[in-house]
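One structure below.
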Amino acid sequence: MGRGGYGTVEFWDDYYIVDRPEPYDWFFSCIHLSPLVQEIVPDKSDEVLMVGCGNSPFSEELHALGYQRIVNIDNCALVIGQQRARAPHLCWEVADARCLPFADSRFGVVFDKGLLDNLYCYRDPEENCGQAIAEIWRALAPGGRLVVLSFHTEEEVVASLTAVSGALPAQPWAEVMALRLRNPRFPEVLVACYTLVVAIKAVETGPTGASEEAATVCVPPKERGVAEAAGGANEGDGGSCSTGEETAACPKRHGLLPRPEALSSLRSPEDGGVLCLSASEALEMQRRVEERIAANRASFAARQEAARTQQQRRQEPQQQPPRQSLAEQLAARRLSLRPVPPLPPPPLLEWGAIPEASEPEGYGP
Ligand SMILES: C[S@@+](CC[C@H](N)C(=O)[O-])C[C@H]1O[C@@H](n2cnc3c(N)ncnc32)[C@H](O)[C@@H]1O
């Protein structure tokens, strides 16, 4: 355990040197989430922001799945340095999620894996979560999606996303959905399920910035679990809706999650969490992603090497081709030198008397 509390940068400085110097994901690999990610973020050209990236390989895997524009931030400078060294082909920035250095509406997607969980451990969790959510909302494009992966319950995460915090208003999400995900690393990692919440920023906002329509919050109850998430959900069998409507009446109930036909590979284990890929599918996907990561790294290294060589060439003094002697130049033109006879000596000059110079007028004593 490092210095300071879990909610301090000092803690993370120590953590990334002592406890986990190697890449580590607090949840699970992007590979296990890939069918869901492709469903939530169908447009791979969307710019993605990963907040509180830590030393997880998730972004590199996401990049290997085809998402080319990923910006990663963490307020721990040390881990950002480690990530830059490990995956220099991605963008890593030191930044605080509560004060993002990005323009409004820049990102199509924001991923938060464990950042909110960490903010819950700050001295004033409500205020800090409120600031981070407000900043994330600001940086999201209209229609953009916030994807939260958390150790906490769906209700807790949804409450944070929709809370009014101090002077900050609740963010007007158009839609908020949640799903329980089964941990494929269970029981080696003693957490059976995680919470996934997706919040969509309204496309149309009113004059106050508030969504014209009330946000619809659909949280499938835990006990109902996977069977429905995987495709067997019956409309109207008891999801909770913040609008007070029954789930059956909620038009967005199946707007994004779960969408059975698109998520055909979701499994339905008995413990109530969704498993996106079977073990064999995950292995196959992992092989492909690892290949792609290796290829991405190699092509980036090659491009860097080419750029370095070009730069060096520009800096080196222009090397002149070796000079040919006159005889070589002539020989190249099939000409040859012929000896020149010595010149006759110059005629001797005769000395004559030098006339005396007359003094100019006005000079002399
Ligand atoms: C629980 S770890 C999760 C790491 C990674 N996302 C993962 O899934 O493995 C939380 C991370 O959030 C970072 N963090 C904490 N507070 C932050 C803040 N205010 N702004 C940016 N990053 C923060 C920490 O430095 C740490 O790397």
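The values are calculated or read from the model by the stated rules, or taken from the named source; none is laboratory data. Everything quoted here is computed from the prediction, not taken from an experiment. Positions of Cβ are generated from backbone atoms using ideal geometry, with glycine treated the same way; all protein chains shown enter the neighbour counts.
Annotations
- As a summary of the residue check, Arg20 satisfies the conditions (1) more than 22 Å from Leu181 (Cα to Cα); (2) out of contact with any helix residue (DSSP H, G or I) (no Cβ under 9 Å at 6 or more places or on another chain); (3) more than 13 Å from the ligand (Cβ to nearest atom) except for the one numbered (3).
- Restricting segment 94-129 to residues that are of a type in the set (Asp, Glu) and over 18 Å from Phe58 (Cα atoms), the residue that is nearest to the ligand (Cβ to nearest atom) is Asp96.
- Among all residues of segment 15-37, there is none that is touching a Phe, Trp or Tyr at 6+ places or on another chain (Cβ under 6 Å), among the small types (Gly, Ala, Ser) and farther than 16 Å from Arg145 by Cα.
- Residues (in contact (Cβ under 8 Å) with a residue 60 or more places away in the chain and surrounded by 21 or more Cβ atoms within 10 Å (Cβ to Cβ)) located in segment 130-143: Ala132, Ile136, Trp137, Ala139, Leu140
- Looking only at residues of segment 147-162 that are buried (at least 23 other Cβ atoms within 10 Å of the Cβ) and β-branched (Val, Ile, Thr), we find that the one that is farthest from the ligand (Cβ to nearest atom) is Val158.
- Members of segment 134-146 that are within 12 Å of the ligand (Cβ to nearest atom) and either β-branched (Val, Ile, Thr) or within 15 Å of the chain's Cα centre (by Cα) (or both): Ile136
- Subset of segment 141-175 (residues that are in a strand (DSSP E or B) and within 18 Å of Gly108 (Cα to Cα)): Ala141, Pro142, Gly143, Gly144, Arg145, Leu146, Val147, Val148, Leu149, Trp173, Ala174, Glu175
- Pairs, first touching a residue at least 40 places away in the same chain (Cβ under 8 Å) and on the phi < 0 side of the Ramachandran plot in segment 323-337, second among the aromatic types (Phe, Trp, Tyr) and surrounded by fewer than 10 Cβ atoms within 10 Å (Cβ to Cβ), C-beta under 9 Å, six or more apart: none
- Qualifying position, being at pLDDT below 75, part of a loop (DSSP other than H, G, I, E, B) and of a type outside the set (Gly, Ala, Ser), among Pro322, Pro355, Pro346, Pro339: Pro355
- Count of segment 53-93 residues, restricted to those that are more than 9 Å from the ligand (Cβ to nearest atom) and on the phi > 0 side of the Ramachandran plot, is 1.
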